[in-house]
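We did not get these values from a lab; they are worked out from the coordinates using the rules stated. Quick caveat, the model's predicted, so the values are computed rather than measured. Don't worry about glycine lacking a Cβ; one is built from the backbone with ideal geometry, like all the others, and counts go over all protein chains shown.
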Amino acid sequence: MRAKAARNPWALAAVGSALLVGIAGCSDDDDDSGGLNPPATAGLPTQTQLAEALAAAQSSANGGFGLEMWATVVDRSGIVVAVAFTGVQEDDQWPGSRVISAQKANTANAFSLDSLALSTANLFSATQPGGSLFGLQESNPVDPSVAYGGNVADYGTTSDFMVGKRIGGINVFGGGLPLYTADGNLVGAVGVSGDSSCADHNIAWKLRDALALDNIPGGVSATADDNIVYDITAGTSASGWGHPECSPDATSIGNALPTTNPIGP
């Protein structure tokens, strides 16, 4: 098991300021890659590596329903580089979760920095009515021509129509995590979907750990990383970054992730 990396806790005021930074790769271009960055980034997993890590993470206890899953990886410019699923074939999972996994990957990438990691779970409370980021979930919509194009039989394979294209999308519940190399470079993000949002987060965390792309620089959780935060009481998050609980088991597993699957190079 890898040792925990040094962390850099952030004050909430600093976090709020960081979120005002523009998203890389948001402008439209004529080609599918957006023309802003190369369509592939060194250090990101292949489709086979993603599928293997997803299967291992999904097969462990996660506090959900034990359903089959989708996972998507995007690079730093928001371009999809790999899509995978568990199960025997495409449609053993919730069909809608393919695009949701891509939304989550896009969100975690779009709102994380080299100095600050934010999971999609961290964004739930701030995006509710009255929250400091309310309306964020309506920004940067999914490109439907990318999400639903191509042959359904290719979904979740190396020929998935989303691969090599910018998907867009914002999702504000558990399952999306930024990806950092051992030297601390933010290279993209992974999104996982197919179970409860809490189980999705737990699976994504274990998947990222298996890929060794979890050298997190700092975050808003009590352990100064991007773990899910369970601090909502009577509808209010004490930290402002809380996520609803899904089940006692999912909460227990999620709270223990920094110990059972510690971040680090």
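Take 243-251, 191-199 and order them by the average number of nearby Cβ atoms within 10 Å per residue, most first; the result is 191-199, 243-251.
Could you tell me the distance between the Cα centroids of the stretch 232-265 and the stretch 50-127, to the nearest Å? Going from one Cα centre to the other spans 17 Å. Label separation (THR260 vs ASP183): 3.4 nm, computed from points 7 Å beyond Cα along the C-beta direction.
The amide H of ASN171, built 1.01 Å from its N in the peptide plane, has THR107 as neighbours under 5 Å, considering only residues 5 or more places off or on other chains.
Residue separation of THR48 and ASP154 scaled by 0.36 nm, minus their Cα-Cα distance, works out to 36.7 nm of gained length. Cα convex hull, the stretch 33-259: 110 Å³ per residue, rounded to a whole number.
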